[in-house]
Amino acid sequence: MDSCLLTVGFDLDMTLIDSRPGIHACFEALAARTGAYIDADMAITRLGPPLVDELAYWFPAEEVPAMADMYRAMYPSIAIAATPAMPGAAEAIAAVRAAGGRAIVVTAKYEPNAKLHLEHLGMVPDEVVGDLWAEAKAEALREHGASVYVGDHTGDVRGARTARAYSVGVATGPCDERELREAGADVVLADLTAFPEWLAAHHRQAPPAR
C-alpha cells in the first residue's frame with residue numbers, strides 16, 4: 001500500500017465522540033418543547049442509525065420530519081458543548097496523518113452538526129460527509145478512496161464491506177465485540193487507543209485491496 005493512497009474513514013457518534021450526554025439532553029429538550037414522551041435513557045442506547053429512525057419510536061410518522069428539523073435546530077446550543085471526544089480519537093486521526101494518509105469522517109449525523117462537534121473538539125479531518133447510514137456510507141468511502149473504515153456499529157461494518165474497505169470495529173458503542181465480528185468486521189479493538197498501533201502494523205503489512 002502506497003502511503004499516498006491511504007485514506008481511513010471514521011464514524012462519528014460513539015467512535016470519535018461520546019455523543020450520549022448531548023443527545024440525551026437534546027431529546028429531553030425536545031420532549032419538553034413538544035409535550036411528547038421520549039425515553040432519552042433508552043434512545044442513547046440505540047445510537048448509530050439516522051435520527052428519524054429514533055424519532056419514529058416517539059412520534060407519528062407524519063410528524064417525524066418536523067420533529068427532526070426541530071431537534072437539529074436545537075442541537076448546536078444543547079449538545080455540542082456537552083459532548084466529549086472518545087479516548088484516543090485525536091490520536092487516531094493523528095496516526096493516519098503520521099502514516100502519510102488522509103482521515104475522513106462518514107456519519108449518519110446531520111452534516112452541519114457533525115462539523116460543529118469536530119470543530120469544538122479541535123479535530124480536523126480532511127473531509128466530513130454526513131447523512132449516510134450503513135450500506136449508504138459506501139458511497140462516500142468509495143468516492144474518497146477509503147481502504148479502511150472504523151466504526152462502532154454493525155451498520156458501519158456493512159458500510160465498510162459494501163465499499164470493500166477493511167472494517168475496523170471499536171466496541172465503544174451499542175454493539176459488542178461479538179456482534180461486530182459476526183457482522184463481518186475484520187478486526188475489533190476495545191477502543192481507539194489501540195488504533196495507532198494497529199494501523200502501524202496494518203500499514204506495514206500492505207494487504208492487497210479486496
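Any idea which residue in region 8-50 is surrounded by the most Cβ atoms within 10 Å (Cβ to Cβ), counting only those that are of a type in the set (Gly, Ala, Ser) and in contact with a His (Cβ under 8 Å, 6 or more places away or on another chain)?
At the first step, the residues of region 8-50 found to be of a type in the set (Gly, Ala, Ser) are 9, 19, 22, 25, 29, 31-32, 35-36, 40, 43, 48.
Filter once more, keeping what is in contact with a His (Cβ under 8 Å, 6 or more places away or on another chain): 9, 19, 40, 43, 48.
Values: Gly9: 32, Ser19: 26, Ala40: 16, Ala43: 20, Gly48: 23.
Among residues in region 8-50 that are of a type in the set (Gly, Ala, Ser) and in contact with a His (Cβ under 8 Å, 6 or more places away or on another chain), the one surrounded by the most Cβ atoms within 10 Å (Cβ to Cβ) is Gly9.
The helices (runs of 4 or more DSSP H) falling completely within region 108-210 that include 1 or more residues that are farther than 15 Å from Leu12 by Cα and open to solvent by 30 Å² or more (accessible area, probe 1.4 Å) map to 137-143, 154-162, 177-183, 195-205. Scanning region 94-124 for residues that are under 23 Å from Ala134 (Cβ atoms), touching a Phe, Trp or Tyr at 6+ places or on another chain (Cβ under 8 Å) and not hydroxyl-bearing (Ser, Thr, Tyr) yields Ala103, Ile104, Val105, Val106, Ala108, Asn113.
When you scan region 56-75, do you find a residue that is farther than 24 Å from Tyr37 by Cβ and under 19 Å from the mean Cα position of the chain (by Cα), even just one?
So the first thing to find is which residues in region 56-75 are farther than 24 Å from Tyr37 by Cβ, and the list is none.
No, there is no match, as no residue in region 56-75 is farther than 24 Å from Tyr37 by Cβ and under 19 Å from the mean Cα position of the chain (by Cα).
Note on region 5-59: residues that are of a type in the set (A, V, I, L, M, F, W, C), in a loop (DSSP other than H, G, I, E, B) and without any contact (Cβ under 8 Å) to a residue 40 or more places away in the chain amount to 6. If you go through region 1-39 and keep only what is charged (D, E, K, R) and modelled with pLDDT under 95, you end up with just Asp2.
Per-residue answers, yes or no, for (1) farther than 26 Å from Asp152 by Cα; (2) crowded, with 18+ Cβ neighbours inside 10 Å:
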position	(1), (2)
Val52	no, no
Leu55	no, yes
Trp58	no, yes
Glu63	yes, no
Tyr75	no, yes
Ala81	no, no
Met86	no, yes
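Of all residues in region 139-154, those that are touching a residue at least 40 places away in the same chain (Cβ under 8 Å) and among the acidic types (Asp, Glu) have Cβ atoms under 9 Å from Cβ atoms of residues that are part of a strand (DSSP E or B) and open to solvent by 10 Å² or more (accessible area, probe 1.4 Å), 6 or more apart or on another chain, in Asp152/Asp13. Determine, yes or no, whether Ala108 is closer than 19 Å to Gly48 by Cα, touching a Ser or Thr at 6+ places or on another chain (Cβ under 6 Å) and of a type outside the set (Val, Ile, Thr). Taking the combined requirement at face value, the residue does not satisfy it.
The values are calculated or read from the model by the stated rules, or taken from the named source; none is laboratory data. These numbers were taken from a predicted model, which means no experiment stands behind them. Reconstructed Cβ throughout: ideal geometry from the backbone, glycine too, with neighbour counts over all protein chains shown. We work out accessible area using only protein heavy atoms, side chains counted, and drop any ligands, DNA or RNA first. Shrake-Rupley method; radii C 1.70, N 1.55, O 1.52, S 1.80 Å.
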